[in-house]
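One structure is given here, and the rest of the page talks about it.
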C-alpha cells in the first residue's frame, strides 16, 4: 500500500512541474455516469455490477472535487467523495473514498474523449485499496458551465 501511495504522490508532483492546458473553465460542473466493465473479484460476466453517478466541480481548470453514489448489485450502495487532477488535457488521475458498510479507497487514472464541447466518453482504471481489487470502467459525462 505504501508503494501505491508513493507512486501516486510522485506522479502528482511530476505532473504539476509544468504548465497544463485547460480542460474546462473554473467553476464548471461535469455530471457523469459510468459502469464497471470488469473487476478482478467478479464471479463471472453480469453476475455482479457496479454503476456510479458523479458530479465534478472544477475548482481550477485541471483540478476537480467530486461527490457521487455507487449502485452495487451484491453489496450495499456507497457514497463517494474524491477529486480528479488533469496533468494533460485528456488524461486524469483520480482518488475516491467510498463510504458505506464496505468502505474503501479507490485510486486510478482515466482518459476522456470529447464527442462535443459538452459531451465526453470516459474510460477509467481503478485500484480499490481495502479489497485489493482492480476495475475497468466506461462512462459518459456532460459538462455544465
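The values are calculated or read from the model by the stated rules, or taken from the named source; none is laboratory data. All values reported here derive from a predicted model rather than from experimental measurement. Cβ atoms come from the backbone with ideal geometry, glycine included; neighbour counts cover every protein chain shown.
Worth a mention:
Residue-wise test of (1) without any contact (Cβ under 8 Å) to a residue 40 or more places away in the chain; (2) crowded, with 20+ Cβ neighbours inside 10 Å; (3) under 14 Å from residue 33 (Cα atoms).
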| residue | (1), (2), (3) |
| --- | --- |
| 53 | yes, no, yes |
| 62 | no, yes, no |
| 65 | yes, no, no |
| 75 | yes, no, no |
| 87 | no, no, no |
| 114 | yes, no, no |
| 119 | yes, no, yes |
| 131 | no, no, no |
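- Residue 127 meets the conditions (1) in contact with a helix residue (DSSP H, G or I) (Cβ under 7 Å, 6 or more places away or on another chain); (2) exposed (fewer than 14 other Cβ atoms within 10 Å of the Cβ) in every case but one. The failed one is (2).
- Conditions (1) under 25 Å from residue 24 (Cα atoms); (2) touching a residue at least 40 places away in the same chain (Cβ under 8 Å); (3) surrounded by 19 or more Cβ atoms within 10 Å (Cβ to Cβ); number of the one not met by residue 95: (3)
- Hey, residue 41 modelled with pLDDT under 90 and part of a strand (DSSP E or B) or not: no
- Unmet criterion (only one of (1) over 11 Å from the mean Cα position of the chain (by Cα); (2) closer than 15 Å to residue 56 by Cβ; (3) crowded, with 16+ Cβ neighbours inside 10 Å) for residue 104: (2)
- Subset of region 113-136 [under 11 Å from the mean Cα position of the chain (by Cα) and under 16 Å from residue 31 (Cβ atoms)]: 122, 124
- Some residue of region 18-27 being surrounded by 13 or more Cβ atoms within 10 Å (Cβ to Cβ), within 18 Å of residue 113 (Cα to Cα), at pLDDT 85 or above and touching a strand residue (DSSP E or B) at 6+ places or on another chain (Cβ under 9 Å): no
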